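Asker: Encoded as structure tokens, here's the structure I'll be asking about.
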Amino acid sequence: MTTNPMHQFEVYRIGPEIKIAGIDLSFTNASLFMLISAVAICAVFFLGTKEKKLIPDKFQLISEIFYNFIAKMISDTAGSKAKPYFPFIFSLFMFVLFCNMLGMLPYSFTVTSHIIVTLIMAIFIFIAVTVIGFLKHGFGYLKLFVPSGVPNILLPLITVIEIISYLSRPVSLSVRLFANMMAGHTMLKVFGGFVISLGMLGGWLPLSFSVALTGLEILVAFLQAYVFAILTCIYLNDALNLHH
Amino acid sequence: MTDPNDDFKTRLKIAKDKVKNSTRINNNNENSSFMGSAFKLGTDLIAAVAVGTIIGFILDSWFDTKPWLIILFFFLGSAAGILNVIKIAKRMQKKD
């Protein structure tokens with residue numbers, strides 16, 4: 001067993017090496033856990049929607065709670081115009097949530113603790129929101145960068161600042177999820193290492209910390225998925241209902 | 001013996017009233033969204049500074065004006081970060 005706290009983030013290949021046009025497309029443990037979470041989401045919703053009972057069983061209850069939660073979140077933050085985007089935000093939330101939660105199991109791999117995964121999702125959201133904004137408002141979408149009521153002298157400066165603020169969205173969106181997941185899992189592993197090195201005498205204190213941190217990490221895993229989804233809604237709201 | 005149908009109706013009424021009067025669930029929701037905003041504040045402040053500095057660095061190597069644009073865009077990025085925080089704070093106040 002290794003005591004290196006960063007060892008848990010290593011990506012390694014499972015099965016044969018697949019290379020297409022010089023790009024490594026091998027199946028890794030990261031792909032495995034993405035697949036597991038996708039299958040788990042499908043299984044929960046398949047079981048939940050198989051028979052529609054008046055008094056729901058566990059799976060139906062879970063799927064209904066998630067559905068209501070996301071539907072309420074979208075209507076609260078982005079309004080009724082965002083209803084067509086419900087499937088996307090719902091899948092995004094479920095995928096991030098399941099990846100985070102599966103990462104909490106011992107010996108598992110946390111997909112969202114890799115910045116490339118979160119950055120790709122954030123860049124996709126960023127580009128999609130920008131395209132939606134331009135499709136809905138044409139070049140009027142550029143008004144987002146020109147706040148009203150600003151004196152003419154300050155206008156170029158404010159516009160540059162607004163553009164930087166707009167470009168910082170995917171960065172903050174991806175770094176937040178990645179940093180929270182990685183920091184939490186590293187901390188858990190470090191405290192786990194303390195338990196072993198302090199032994200039977202002193203190991204109880206870090207062990208109790210570990211238990212508390214596990215609870216905190218489950219909260220963070222849920223909260224980060226929630227924040228990721230709600231920020232997508234907020235950005236979508238800016239693109240759909242332009243008011244500045 | 002009471003009619004089982006009547007019994008169900010009163011129970012349904014009590015349950016409906018409970019749902020109507022319950023603000024606990026809402027409170028919980030608000031709480032988690034405030035915690036989400038708290039997580040958001042820090043990263044948004046830093047991300048804008050980082051993006052500003054990177055833009056400055058790229059423009060510097062394009063126009064060969066090292067180190068002036070990186071300094072300028074660092075400050076513009078800091079301003080953008082503060083702007084981000086002000087926007088989040090406004091949104092949080094609107095909820096109250």
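Asker: In whole Hz, what ³J(HN,Hα) sequence does region B:67-75 give by Karplus (6.51, -1.76, 1.60; θ = phi - 60°), x for Gly and Pro?
Answerer: x, 6, 5, 5, 5, 4, 6, 4, 5
Asker: Test of understanding: ordering A:Ser174, A:Ser75, A:Ser148, B:Ser78 by Cβ neighbours within 10 Å, fewest first, what list do you get?
Answerer: Taking fewest neighbouring Cβ atoms as first place, the list is A:Ser148, A:Ser75, B:Ser78, A:Ser174.
Asker: Another question, if that's okay. Mean shadow of region A:1-62, computed from the convex hull of its alpha carbons, in nm²?
Answerer: Its average projected convex-hull area is 7.5 nm².
Asker: Per residue of A:71-81, what is the mean number of Cβ atoms on other protein chains within 10 angstrom of that residue's Cβ?
Answerer: Mean number of neighbouring Cβ atoms from other chains: 1.
Asker: What FRET efficiency comes out for B:Leu41 versus B:Phe8 if R0 is 56 angstrom and r is the Cβ-Cβ distance? Round to the nearest 0.05.
Answerer: The formula returns an efficiency of 0.70 here.
Asker: Do me a favour and compute the ellipsoid semi-axes for the protein assembly as shown from its Cα gyration tensor, root of five times each eigenvalue, largest one first, whole Å.
Answerer: Semi-axes from the Cα gyration tensor: 38, 32, 21 Å.
Asker: In region A:118-202, which chymotrypsin sites (Phe, Trp or Tyr not before Pro) are in a loop and have at most 12 other Cβ atoms within 10 Å, using DSSP for the loop call?
Answerer: Of the chymotrypsin sites (Phe, Trp or Tyr not before Pro), not one in the loops of region A:118-202 has a Cβ with at most 12 other Cβ atoms within 10 Å.
Asker: Averaged across the residues of A:224-236, what count of C-beta atoms belonging to other chains lies within 10 Å of each residue's C-beta?
Answerer: Taking all residues of A:224-236 together, the mean is 2.
Asker: Using a basic spin-label model with each label point 7 Å from the Cα along Cα→Cβ, how many nm lie between A:Lys81 and B:Phe63?
Answerer: Placing both labels 7 Å along Cα→Cβ, they lie 3.6 nm apart.
Asker: List every DSSP H helix in chain A whose Cα atoms extend 15 Å or more along the helix's own long axis and whose mean Kyte-Doolittle hydropathy is at least 0.5.
Answerer: Helices passing the filter in chain A: A:29-49, A:86-103, A:115-137, A:155-202, A:204-240.
Asker: Mean residue ellipticity at 222 nm from the helices of the protein assembly as shown, using -39,500 (n - 2.57) per DSSP H segment of n ≥ 4 over the full residue count, to the nearest 500 deg cm²/dmol?
Answerer: Helix contribution divided over all residues of the protein assembly as shown: -26500 deg cm²/dmol.
Asker: Largest first, please: the extent of the C-alpha atoms of region A:98-244 along each principal axis, to the nearest Å.
Answerer: 70, 31, 21
Asker: Sticking with this one: Could you list which residues have their amide H under 5 Å from that of A:Thr28, counting only those 5 or more apart in sequence or on another chain, with H placed in the peptide plane?
Answerer: Result for A:Thr28 returns A:Ile14.
Asker: Distance check, please: which entries in A:Lys58/A:Lys136; A:Lys52/B:Lys40; A:Lys72/B:Lys18; A:Lys58/B:Lys87; A:Lys83/B:Lys90; A:Lys83/B:Lys16 exceed 30 angstrom between their Cα atoms?
Answerer: Flagged as over cut-off: A:Lys58/A:Lys136; A:Lys52/B:Lys40; A:Lys58/B:Lys87.
Asker: Would you tell me the mean number of C-beta atoms belonging to other protein chains that fall within 10 Å of each C-beta in B:34-46, as a whole number? Don't skip to the end; give the middle numbers.
Answerer: Values: counts 0, 5, 9, 2, 2, 9, 7, 1, 3, 11, 9, 2, 6.
Shielding by partners across B:34-46 averages 5.
Coordinate-derived values only; no laboratory data. It should be emphasised that the depicted structure is a prediction, and the values quoted were computed from it without experimental measurement. A quick note on method: Cβ atoms are made from the backbone with ideal geometry, for glycine too, and the neighbour counts reach across all protein chains shown.
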